[in-house]
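The values are calculated or read from the model by the stated rules, or taken from the named source; none is laboratory data. Only a predicted model underlies this, so the values are computations on that prediction, with no experimental measurement involved. Please note: Cβ atoms are built from the backbone with ideal geometry, for glycine as well, and neighbour counts cover all protein chains shown. For the accessible areas, the whole protein counts, side chains as well, though only heavy atoms, and no ligand, DNA or RNA atoms are used. Shrake-Rupley method; radii C 1.70, N 1.55, O 1.52, S 1.80 Å.
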Amino acid sequence: MRSQSVAATRPSRPWLAFIAGGAIGFAILLVTQALTETRVAFGPWDLGGNGALAVPFIGFPLAIYGGWTFLADRYDDRDLLIGIASFSTGLILGSFPFGLFFALPMVLITAAVYVTWTRGRSVKRSDRLLWIAFAVSVVLSALPALGLFGAALLPGSLILLAEDKSPGVRIALGSLLVVATVVVVFGVPALLFGASGPAS
């Protein structure tokens, strides 16, 4: 995910990361608010009212994955941490109050996964363990009582899997994240309750 030779020559611009995060967060807020006032529905799935909370459940994990992966390809060490912190802060503030209840827990849990892995990993990283961690996070996010916690686990392993991968692989991992969150948000409630809505 990092290109150290390139990252070393690029100055850190945390304000750009903050603005980008804020813009994405604000877009998630606007879409969620707009859907809340509508009666958009297809089949058993209703995106109006509380159903609009599917947007932050899907949007925030994807935003974290995309933003962190993009930054990690351009910066390293201290500049990377500053960039990630700036982007995440912008994402949370830009989508307030959804940022406080959805984005903040996801950012904190993703950061915990990221730091734990990068500090404790061996010289040769095991992608198999990361795939196992992703599978476990999907299962946890499908449990009604652990929905938000599980969804917060989803981006961490994929961000680490995207490290040093080609753009095509990173896009595929991002697509997998979208599929996983859509299945958790829409598929699981439909199977359990016959209706849609974010896992709670």
Item to complete: Quick one: count up the residues across the range 39-71 that are touching a Leu at 6+ places or on another chain (Cβ under 7 Å) and modelled with pLDDT under 80.
Response: 4
Worksheet, complete the sentence: Taking the range 149-168 and keeping residues within 17 Å of I109 (Cβ to Cβ) and open to solvent by 50 Å² or more (accessible area, probe 1.4 Å) leaves F149
Worksheet item: Since A20 meets every condition but one in (1) farther than 22 Å from T110 by Cα; (2) surrounded by 15 or more Cβ atoms within 10 Å (Cβ to Cβ); (3) modelled with pLDDT of 90 or more, which condition does it not meet?
Response: (1)
Worksheet item: Which of (1) in a loop (DSSP other than H, G, I, E, B); (2) more than 16 Å from Y65 (Cβ to Cβ); (3) modelled with pLDDT of 80 or more is the odd one out, the single condition S122 does not satisfy?
Response: (3)
Discussion item. I want to confirm something. Restricting to the range 48-70 and keeping residues that are over 14 Å from the mean Cα position of the chain (by Cα) and part of a helix (DSSP H, G or I), which single residue is surrounded by the most Cβ atoms within 10 Å (Cβ to Cβ)?
Written reply: G51
Worksheet item: Only one residue in S86, S95 is modelled with pLDDT of 90 or more, more than 24 Å from L176 (Cβ to Cβ), among the polar types (S, T, N, Q) and open to solvent by less than 30 Å² (accessible area, probe 1.4 Å), so which one is that?
Response: S86
